Structure formats: structure tokens, C-alpha cells
Amino acid sequence: MTSRTTSDPWLDRWLPLIAERAAGLPILELGCGSGRDSEILTAAGHRVVGVDVSSTAIANACRRVPVAEFHCQDLRAAFPLERAGVIVASLSLHYFPWEETGELVERLRRTLEPNGLLLCRLNSTNDHHYGASGHPAIAENYYLVDGEPKRFFDRASVDRLFAGGWRTLGKKEGVIARYDHPKSVWEVILERR
């Protein structure tokens, strides 16, 4: 879709809290892509275990962050870690029907230690450059974008997704400069109750 990327320092302000909550455990990164966030986390001294469905992305991540551990697998498969103090899921939870998305979020909650941290970003319903409009609808705010299902979230759906077993530490809708065009996302930081 796009080849050029720009600065996206979204994790920087959360690094002190990540260090506190990781508590020496590896950080689980879902949808790690080419390892951009993994690189930031390892540079901050963390062990990272990344997962992505794309073998090409995993190969790129291995080259970019050779000290991290990467697995090529679907996010719905068993996670390579049984427990984590921190999970990062940037733009990776939007490919599934609502029920599967909810089940995945519950698995994330169960994988986290008590008071563990989930840092995630979700496609916003205002993300018109990357599919929130002009594509065949599968369900409400769930579209077939370039042959792939893609979900978009409004405030109500973010609240519904994280209604049970979470304490919200941060939630904001904003625009990031990670791709060729501005991308609208929700950034949600949660603590497992």
C-alpha cells in the first residue's frame, strides 16, 4: 500500500511505565510488522517476542532487530508466551469479526500479569485514507479493503471492546504520520484488573 514511512514515536512517552510493568518479563508484540516498535523496545533494554502473520515482515524484523524473538503466525493462534507484563498491539487487532476480536482481547487480558499493561492502537472510523469509507461493508465499521477485512473503531466500540476487566490509563483519537498519508487511530493504554 505504501512504501515510505515517517517518524512515529508513539511508544516514547510510555517507556517509563512499560519498564515498570514489564518487570523483567519479555514484552509480547502482536502484529510486529518489520520490527519498528520492537526496535524501540529493545533499545530501551527490553526482551521482545514479536508475532506477525507475514513471513516477509518477520524476515525484515529479524534483520532489523536480531536480538528479539519473532514468530510467523496468526494472532488467533496460541501466543508464544504464557505470561507477559506488557503487550503491544499497534494496528493489529482490526482484521477479525467482532466476536473474534473480543475473544482475542480477552486472551490478551488473561496473558497479562495482574496490573499488566496493554498498549494498542486501533483504526479510527475517521481513517478515510486507509479504508474507513468507499469499500464494501462486511458489518458495521468492518469493510473489505483491498481484499482484506478491516475494522474501524469509534469511541463507543473502543469502550465496548475493553469494557470488562480493564482499567483505562489513556485513550485518545489522533492522527499519526507513519505512512504516506495521515492515518487516524485510537491509542488506548490499559491495565489488567
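The values are calculated or read from the model by the stated rules, or taken from the named source; none is laboratory data. None of these values were measured; they are calculated from a predicted model. As a convention, Cβ positions derive from the backbone with ideal geometry for all residues, glycine included, and neighbour counts pool all protein chains shown. Side chains are part of the model used for accessible areas, which takes the heavy atoms of the whole protein and leaves out ligands, DNA and RNA. Shrake-Rupley method; radii C 1.70, N 1.55, O 1.52, S 1.80 Å.
For the range 90-148, pairs of C-alpha atoms spaced more than 18 angstrom apart make up 41 percent of the total. Within the accessible area of the chain, the carbon and sulfur atoms contribute 50%, probe 1.4 Å, all protein chains present. Here the simple spin-label model places points 7 Å from the Cα toward Cβ, and for Val67 and Trp98 these points are separated by 4.4 nm. Each residue of the range 31-40 was assigned a 3J(HN,Hα) from its phi angle through the Karplus curve 6.51 cos²θ - 1.76 cosθ + 1.60 (θ = phi - 60°); the sequence is x, 6, x, 7, x, 4, 6, 4, 4, 5 Hz, with glycine and proline shown as x.
Considering only GluC sites (Glu not before Pro) in DSSP loops that have at most 12 other Cβ atoms within 10 Å, the longest stretch of the chain without any of them is 1-81. With only Cα atoms counted, the chain has Rg and Dmax values of 15.6, 45 Å.
A simple spin-label model places pseudo-atoms 7 Å from Cα toward Cβ; at Asp12 and His135 they are separated by 3.0 nm. For the range 101-125, the residues whose backbone nitrogen is under 15 Å from a point 7 Å from the Cα of Ala78, taken along Cα to Cβ, are 111. Among Gly131, Gly164, Gly31, which one moves the most in a GNM of the chain with springs linking Cα atoms closer than 10 Å? Highest fluctuation of the listed residues: Gly164.
Would you mind calculating the gained length between Ala177 and Arg193 on full extension (0.36 nm times residue separation, minus the Cα-Cα distance), in nm to one decimal? Please report the intermediate quantities before stating the final value.
Working: separation 16, 0.36 × 16 = 5.76 nm, distance 3.22 nm.
Stretched out fully, the Ala177 to Arg193 stretch lengthens by 2.5 nm.
For Arg47 and Arg160, the FRET efficiency from 1/(1 + (r/R0)^6), where r spans their Cβ atoms and R0 equals 41 Å, is about 0.80.
Need one word for the range 1-88: rounded, prolate or oblate. Basis is the Cα gyration tensor (sqrt eigenvalues a ≥ b ≥ c); a/c below 1.5 gives rounded, then a/b vs b/c decides.
Working: a/c = 1.81, a/b = 1.15, b/c = 1.57.
Here the range 1-88 falls in the oblate category.
Each DSSP beta bridge with both residues in the chain is either parallel or antiparallel, and the antiparallel ones are about 60%. Working value for the range 45-149: equivalent-ellipsoid semi-axes of 26, 18, 12 Å, each the square root of 5 times a Cα gyration tensor eigenvalue, largest first.
Here the Debye sum runs over all C-alpha atoms of the range 149-190 as equal scatterers in vacuum, and log10 of I(q)/I(0) at q = 0.21 Å⁻¹ comes out as -0.75.
Extending 7 Å from Cα along the Cβ direction at His128 and again at Thr56 yields two label points whose distance is 2.9 nm.
Using a ≥ b ≥ c from the Cα gyration tensor of the range 118-193 (square roots of the eigenvalues), is it rounded, prolate or oblate, where a/c under 1.5 gives rounded and otherwise the larger of a/b and b/c decides, a/b for prolate?
On the way: a/c = 2.63, a/b = 1.53, b/c = 1.72.
Judged from the Cα gyration tensor, the range 118-193 comes out oblate (a/c at least 1.5, b/c at or above a/b).
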